[in-house]
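**Q** Have a look at the structure that comes next, please.
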Amino acid sequence: IMVRTLALALALFVSGASAADPASSWLSYAQYKADGGARITALNTTWTVPANPAVNFGSNAPGWWFGIQTADGAGALIQPILAWGYQGNEWDIFNGVYDWNTGAKSWTTSDSCTVQPGDLITSSVTLAPGTSTYTMAISTEACGEITMDKVVDNNSGQNESVAYFVLEHQPLTCKAYPADGSMMFENIYLEVEFEEVTPSWESEIGQNACNSACVVKDPATLEFTWDTDSTETAPGLDSGVRARVAPVKCAKDVEAAKDDVELIAGGITSATATCAADDLSQCLVDIDTISEAVAQGAVDINGAIVDCGDGEDNVCAGTVVDVVGDFAALTEAVAAAAIHCQSMDTLAGKKQCIEDVEASVSALKPVVSAIEQAVTDCA
């Protein structure tokens, strides 16, 4: 089933409330802090592109990356990245810098290149001797090498002294994470002040989801794991959301989300009939329609979260937060249907498909109630 990637950027407005790294969008990570705040002058690694997600929506553009930052977390985060959904339903590699010092121009990126599961990625961050210029490089055999420079000249006197390896961006459904459940950074090499060091990694849990973890295998190997069957959500999202909402186009966003929910309802009604009637072709079309509407609904709800309130309209903001929670449960149900209804040609597949569609009906009801309340509260 071809469904559009859900790019619900919760991490952007949640992490924005903290104004420093580690950001609230980090699920799990490892860190190394150079003694005395000395400069990290080289950080290299290799890793392999994991499997594709089971479903192509609900992912919130998960990223696996490594990079360097200042000790207070408020400088330039210099990071080669592997991300799903950055340019569509595909894996892409690129380099990025999030500089907390530069306001609206904080996020800059290099060109990107599409990669495939199983591709070996080689990447590095290095400081040119005698300069304040770091060069990021990321490559695969098919893509060649992509580079990007960052001149570190506004870090308030702080060095890039902390190294991170990170799994970022909580999904709406854990089924939108890679099906193989793990990814390994290997051959890690680190220099401080141009001298090789053996890093002692600290494994940390951030705003976790999907039971993710970062396991320190040895100084040169870190393994990230996650559970695609988990329904775990990130703690503290509500407070982060409430801190960031701003009233600009709130009513319009909520109305658009209401329209999306109506499309979802229509698709579920049709799928309830076609999937039960052994109409495999139309059943899959209906599930695809529902998936598309769920993807668009997440985008519009994201807009509502950003726009609905300035910290004073707590009633509207709180109602929109309620929509997010109910919509996440609906996304889980639709994701299950998108997987199982493809196996309707078997008796067991048909039974599971019908159960998933029925679960979607149940999950839809609180979404309808919540969105209707939001229309009232945010008008």
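The values are calculated or read from the model by the stated rules, or taken from the named source; none is laboratory data. Source: prediction; values computed, not measured. Cβ sites come from the backbone with ideal geometry, for glycine too, and all protein chains shown count toward neighbours. Just the protein is used for accessible areas: all its heavy atoms, side chains included, with ligands, DNA and RNA removed. Shrake-Rupley method; radii C 1.70, N 1.55, O 1.52, S 1.80 Å.
**Q** Among all residue pairs at least 6 apart or on different chains, which show Cβ distances below 7 Å where the first residue, located in region 219-231, is more than 16 Å from GLY206 (Cβ to Cβ) and of a type in the set (Val, Ile, Thr) and the second is open to solvent by 30 Å² or more (accessible area, probe 1.4 Å) and modelled with pLDDT of 95 or more?
**A** THR221/MET184; THR221/GLU186
**Q** Follow-up. Being surrounded by fewer than 16 Cβ atoms within 10 Å (Cβ to Cβ) and among the polar types (S, T, N, Q) is the filter here, so list the residues in region 178-223 that pass it.
**A** Once the filter is applied, which keeps residues that are surrounded by fewer than 16 Cβ atoms within 10 Å (Cβ to Cβ) and among the polar types (S, T, N, Q), region 178-223 yields SER182, ASN187, THR198, SER200, SER203, THR221.
**Q** Same structure, new question: Output the residue which, of all residues in region 319-348 that are open to solvent by 50 Å² or more (accessible area, probe 1.4 Å) and of a type in the set (Val, Ile, Thr), is farthest from SER360 (Cα to Cα).
**A** Among those residues, the one meeting the criterion is THR346.
**Q** Could you check how many residues of region 88-100 are touching a strand residue (DSSP E or B) at 6+ places or on another chain (Cβ under 7 Å) and open to solvent by 10 Å² or more (accessible area, probe 1.4 Å)?
**A** Total meeting the criteria: 2.
**Q** Still on this structure: Across region 274-318, what is the total count of residues that are open to solvent by 10 Å² or more (accessible area, probe 1.4 Å), modelled with pLDDT under 75 and outside any helix (DSSP H, G or I)?
**A** 4
**Q** Something else about it: From the residues in region 122-167 that are within 22 Å of ALA83 (Cβ to Cβ) and of a type in the set (Gly, Ala, Ser), which one is most open to solvent (accessible area, probe 1.4 Å)?
**A** Ranking the qualifying residues of region 122-167, first place goes to ALA142.
**Q** I'm checking my understanding of the structure. Among residues of region 262-273 that are touching a residue at least 60 places away in the same chain (Cβ under 8 Å) and open to solvent by 20 Å² or more (accessible area, probe 1.4 Å), which one is farthest from CYS378 (Cα to Cα)?
**A** Residue satisfying both the conditions and the ranking: THR272.
**Q** Where the second residue is assigned to a helix (DSSP H, G or I) and open to solvent by less than 20 Å² (accessible area, probe 1.4 Å) and the first is farther than 18 Å from ALA277 by Cβ and at pLDDT 85 or above and lies in region 336-348, which pairs have Cβ atoms under 7 Å and are six or more apart or on separate chains?
**A** Listed by first residue and then by second, the contacts come to ALA336/ASP356; ALA338/ILE287; ALA338/SER291.
**Q** Which of the residues that make up region 349-379 are free of Cβ contacts under 8 Å to residues at least 60 places away in the same chain and not basic (Lys, Arg)? Walk me through it before giving the result.
**A** In the first step, residues of region 349-379 are kept if they are free of Cβ contacts under 8 Å to residues at least 60 places away in the same chain; the result is 349, 351-352, 355-356, 359, 362-363, 365-366, 369-370, 373, 376.
Scanning region 349-379 gives GLY349, GLN352, GLU355, ASP356, ALA359, SER362, ALA363, PRO366, SER369, ALA370, GLN373, THR376.
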